Structures are given as structure tokens and as C-alpha cells.
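Here is the structure we will look at, set down as C-alpha cells.
Derivation of every value follows stated rules applied to the coordinates shown; laboratory data play no part. Here the structure is a predicted model, which means the values were calculated and not measured. Note: ideal-geometry Cβ built from the backbone for every residue, glycine included; neighbour counts use all protein chains shown.
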Amino acid sequence: MNYRAIGLMSGSSLDGLDIVYASFEAAGGGWSHRIEAADCIPYPDEWRERLRNATGHSALDYLLLHSEYGHYLGRCVNEFIAAHDLQYRVSLVASHGHTTFHLPPRMTGQIGCGAALAAETGLPVVTDLRALDVALGGQGAPIVPMGEKLLFPDTRWFLNLGGIANLTASAGGRQVAFDACPANRVLNMLAGREGLAYDEDGRIAASGRVDTEVLARLDALPYYDMPYPKSLANDFGTDIVHPILAASGLSTADALRTCVEHIARQIAASVARVMEKGDAPPADGGSMLVTGGGALNGFLVHRIDEYLQPMRLRAEAADPLLANFKEALIMALLGVLRWREEATTIPDVTGASRAGIGGALWMGHS
């Protein structure tokens, strides 16, 4: 069967809203896909600030923001459909929403009201993709491994460098995946000192030097010794990692360089831990597919690759289309799976008691 769906992803780095229109074909027990159109809509300053400060609202203001952001997402979808001449071609919309609170296994919160989105678009909408997994005792994250498993069955290692860096390894029909460390959110905050949205290609970081004392403090944070499955909330980067760098007195270049080294070291340490537990593919000189905005940071990918080489693994950045839009693509697929009433999460990955058909379905028309 063929499905045409739109996927929406708002990452913790707040660089914008990723929208993908993709076609999916389910045949012979496998899936194929094609990205037909994709855009990243930068957030206006007002929305960036509102999302950044969402967790500080009263309950009433938070719920109002939840509704208003859902309407905003719906308008963005309508504009995307008009820009790419997709009228009457979209079967459903799947929206990740923007993560605010993430406290597994108690709760997880993504704003962007599905009812408002469905009301704006008149289309079936799937939201709240993480909630059931958390209710089943899981981390609710990562959720992209289901899409990685179905859409990229021949790839064994994945690394997504978004606001948070998450790792997936697949071997023997089993997957493990977890958040390794903060990534772009902290790097972008440091670049913001210079009035920049991000450090293009890691050039500023490459010009700095590593402060070994600060690096040791970052590497010693307790999260890194926790066993997986595990996941990170945005505030680990913004409220713990960034303040250590900010209080160090380092120049922007040195802070970025030290942060890049920390990210590379923690990703390598995560890979080593997975290998030691026997949950990884053989170290046979294979490659790790790197996606997310950080895949376009050549210096960061280079440092990760340097750390992985002794383990006979290479970091390879995906092509820009896939690098930028893999998560939105997978949100679209998860929406299709929810429509088909099939599992959307993998309990081995999240730690949930069982697989679940996650996602709330909102019908935009009668």
C-alpha cells in the first residue's frame, strides 16, 4: 500500500520547524520511501522565545500556548501545502510537537495541540507520539529507531546530532538506542555570544583549544555512567552543561572547542559501552550514518570520526536532505504506523513494558 504523509519536527535547538512530505510504500514485509518536498521554516523571534520559555508559564498560560502553537503549526502546514502544490495529495499529518517537560517514566510533554492542528488543516493529524511509551514505563525516547529499522534496514549504526545527540545500534534483529549527550543546543548557545545562530561548519570551534579541566568536569557528570535505556531532557544541556562552560571564563572559541570534544568523547564512550555489552554489530570497519543539523558541522563530525576509528567504525555524514530532515521523515512514518494501528515504539530501546501503538489521532473532517 502507498501512503502520502507530512511529518513535522521541532527540535530542542529551536532553529526552526522541519516539514517533510513523503511517500511510503509497504510491500513484501518491507518499506520504501521518497521525500517529495521538504522545508525548514525558521521560527520568528517571538515564537523562539515563547517556546524557549514555555516551562516557566502558569498552567493556564501553558495550555493557551499549547493551543496557539497547534494553530501555528496548522498554518505552517497549509502554507507548505500551497507552496508545493500538494492540495488533495496529503493523507495525514504527524506532528512531534515541541518538547517542554520530559520526566520519564512519570510524564513527557510536547506542546502543539493536535485538535488545533487538525482544525486548521482539515486533515487527519497524529500527535503525542511519546506519551503511551512513558505510560508503559519507558523513556519515551528515542522514538526514531522504529523508523530507522523500517526505512534503513541495512544500516547498523545511526547518530543523530540535534539539540541532543542520540545513538542507535542494531544487531541480531535487536536495537538499542539512547541519548548520549547534549549537542547543538549548547553549541548554538555558545555561538550566540557572537551574535550567530550557530557555528557554521565548526569553524570557530576549530580555532579554539580544549580546556582539559573543564572537559573533565563535563565528562564526570553522573548521567554518563547511567545504564541505558536512558534519555535526556533539554535542560540537561541548558541548565547543567552550558553553565559549566559559561562560568569557566573561556573565550567563545575555547568553549566551543571544549564542548565539541566533550560531545565526541561521550559519543565514543557510548559506542564503546554498547560494544562491551555485546549489543552492537561487529567492529568490522563499518560506518555510522550521521544525521541532524550537527551532520553539517564538519569539525564536529571529524572529531567524532577520530574517536571512533580505534573501534574500527567511521562517522559518515548523510546527504544534506536526509541529514536535515530524517526526523521529520520518521515522524511521517510513525503517523502512518499509527493509522495502520501498528506499533510505533520498540520496548528494547525505550525500556517500556511492551510495544504500544502510540499517538493520538485527530480527524480534521467528518
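What is the diffusion coefficient of segment 208-283 in µm²/s, taking the Kirkwood radius over Cα pairs and the Stokes-Einstein relation at 4 °C with a viscosity of 1.567 mPa s? Please report the intermediate quantities before stating the final value.
On the way: Rh = 13.5 Å.
It diffuses with D of about 96 µm²/s by this estimate.
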Can you find, among Ala141, Val126, Val93, the residue farthest towards the positive end of the dipole of segment 79-187? Put +1 on the C-beta of Lys and Arg, -1 on that of Asp and Glu. Ala141
Run the simple label-point estimate for Ser353 and Arg174 please: 7 Å along Cα→C-beta, distance reported in nm. 2.2 nm
First measure r as the distance between the Cβ atoms of Glu194 and Asn78, then evaluate 1/(1 + (r/R0)^6) with R0 = 35 Å and state the FRET efficiency to the nearest 0.05. 0.45
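Evaluate the relative contact order of segment 13-69 (contact order divided by residue number), counting alpha-carbon pairs under 8 angstrom at least 6 apart; express in whole percent. Let's see the in-between values first.
On the way: 50 pairs, mean separation 17.4, N = 57.
Relative contact order of segment 13-69: 30 percent.
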Would you work out which of Ala197, Ile240, Ala171 lies farthest towards the positive end of the dipole of the chain? Charges go on Cβ: Lys and Arg +1, Asp and Glu -1. Ala171
Assign unit charges at the C-beta atoms only (+1 for Lys and Arg, -1 for Asp and Glu), then state the dipole size of segment 243-308 relative to its Cα centre in Debye, rounded to the nearest 20. 160 debye
Just Met288, Met146, Met226 to compare: in a GNM of the chain, with alpha carbon springs under 10 Å, which one fluctuates most? Met226
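Per residue of the chain, what 222 nm ellipticity follows from adding -39500 (n - 2.57) for every DSSP H run with n ≥ 4, rounded to the nearest 500? Don't skip to the end; give the middle numbers.
Values: 13 runs with 139 residues, N = 366.
The per-residue figure over the chain is -11500 deg cm²/dmol.
Given an 8 Å cut-off on Cα distances and at least 6 residues of separation, report the relative contact order of the chain as a percent. Don't jump to the answer; show the numbers that get you there.
On the way: 789 pairs, mean separation 82.9, N = 366.
Computed value for the chain: 23 percent relative contact order.
Treating only the Cβ of Lys, Arg, Asp and Glu as charged (+1, +1, -1, -1), what charge dipole size does the chain show about its Cα centre? Round to the nearest 20 debye. Don't skip to the answer; put the middle values down first.
Values: 29 positive and 41 negative charges, 136 e Å.
The calculation lands at about 660 debye.
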If a/c stays under 1.5 just call it rounded; otherwise compare a/b with b/c (prolate if a/b is bigger, oblate if not). Do that for segment 154-322, with a ≥ b ≥ c from the square roots of the Cα gyration tensor eigenvalues. prolate
Only bridges whose two residues both fall in segment 154-322 count here: according to DSSP, what percent of them are antiparallel, nearest 5? 60 percent
Just subtract the alpha-carbon distance of His57 and Leu221 from 0.36 nm times their residue separation and send over the number in nm, one decimal. 56.2 nm
Using only Cα atoms, what is the ratio of the radius of gyration of the chain to 2.2 N^0.38 Å? 0.94
Of all trypsin sites (Lys or Arg not before Pro) in segment 210-294, which ones are in loop regions per DSSP and have a Cβ with at most 13 other Cβ atoms within 10 Å? Lys277
Could you give the nm distance between label points at Arg209 and Asp239, where each point is 7 Å from its Cα heading toward the beta carbon? 3.5 nm
Pairwise label distance in nanometres, Ala360 with Glu342, each label 7 Å out on the Cα-Cβ vector: 2.5 nm
Name the shape class, rounded, prolate or oblate, that the alpha-carbon gyration tensor gives for segment 1-117, where a ≥ b ≥ c are the square roots of its eigenvalues, rounded holds for a/c under 1.5, and otherwise prolate holds if a/b is larger than b/c and oblate otherwise. prolate
